[in-house]
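Q: Sharing a structure here in structure tokens format.
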């Protein structure tokens, strides 16, 4: 009996010590009532043309392989995960383009979309629509929008360090959180 008591206390101590290292979730866990199915989320590719200073984003792999890259927009990576069909709580993320400014502009706001259309942007209807979250739910992360007035370029990222780098060294201004994407490693969606 005397040999068991120390083992029980040791076991209890180890359990409590280990439990204190379990991080608390910082984002809302997926709820089937409010969240889109993360298995339906697809990569949102970021491309960039250095010759015209323009970032563009697409979830359309055939368009990416069929012309975007050949048009001078090599892939820089994946910005995050989006939906290409309507999912719970997700809203459309409009893709617009201005030939005069050589600029792609993305927004979930119908007011911003309409203002951009009045300013000469056109909706790019050749690609499937993209849907994102309008608020930070379901394990999503902010998709920051920045703007460079010299290069007339809208830039979007989920990376806080990249956002700060573009502001401090690349001449971009912080504009807003354009919406919320699922991160590439979405451990909260189980």
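The values are calculated or read from the model by the stated rules, or taken from the named source; none is laboratory data. Please read all numbers here as calculations on a predicted model, not as lab measurements. Because the Cβ atoms are built from the backbone with ideal geometry, glycine has one as well, and the counts that use them run over all protein chains shown.
Q: Based on what the data block shows, is residue 83 surrounded by 13 or more Cβ atoms within 10 Å (Cβ to Cβ), within 13 Å of residue 181 (Cβ to Cβ) and in contact with a strand residue (DSSP E or B) (Cβ under 7 Å, 6 or more places away or on another chain)?
A: yes
Q: Just to be sure I understand, how many residues within the stretch 147-169 are over 25 Å from residue 61 (Cα atoms) and either free of Cβ contacts under 8 Å to residues at least 60 places away in the same chain or part of a loop (DSSP other than H, G, I, E, B) (or both)?
A: Looking only at that region, the number is 14.
Q: Filter the stretch 135-154 for residues that are surrounded by 16 or more Cβ atoms within 10 Å (Cβ to Cβ) and under 12 Å from the mean Cα position of the chain (by Cα); which is farthest from residue 88 (Cα to Cα)?
A: Going through the qualifying residues, I end up with 145.
Q: Also, I was wondering about something else. Output the residues belonging to the stretch 125-134 that are part of a loop (DSSP other than H, G, I, E, B) and either within 12 Å of the chain's Cα centre (by Cα) or without any contact (Cβ under 8 Å) to a residue 40 or more places away in the chain (or both).
A: Selection gives 125, 134.
Q: Let me ask something additional. Could we say that residue 184 is touching a helix residue (DSSP H, G or I) at 6+ places or on another chain (Cβ under 9 Å) and either touching a residue at least 12 places away in the same chain (Cβ under 8 Å) or surrounded by 19 or more Cβ atoms within 10 Å (Cβ to Cβ) (or both) here?
A: No.
Q: Taking the condition of being at pLDDT below 95 and under 12 Å from residue 181 (Cβ atoms), how many residues in the stretch 105-137 meet it?
A: Residues meeting the conditions: 0.
Q: If you scan the stretch 66-124, which residues turn out to be free of Cβ contacts under 8 Å to residues at least 24 places away in the same chain and outside any helix (DSSP H, G or I)?
A: If the condition is that a residue be free of Cβ contacts under 8 Å to residues at least 24 places away in the same chain and outside any helix (DSSP H, G or I), then 69, 70, 71, 72, 99, 100, 109, 119, 120 are the ones that fit.
Q: With respect to residue 117, is the statement that it is closer than 20 Å to residue 96 by Cβ and either touching a strand residue (DSSP E or B) at 6+ places or on another chain (Cβ under 9 Å) or surrounded by fewer than 18 Cβ atoms within 10 Å (Cβ to Cβ) (or both) true?
A: Criteria met by residue 117.
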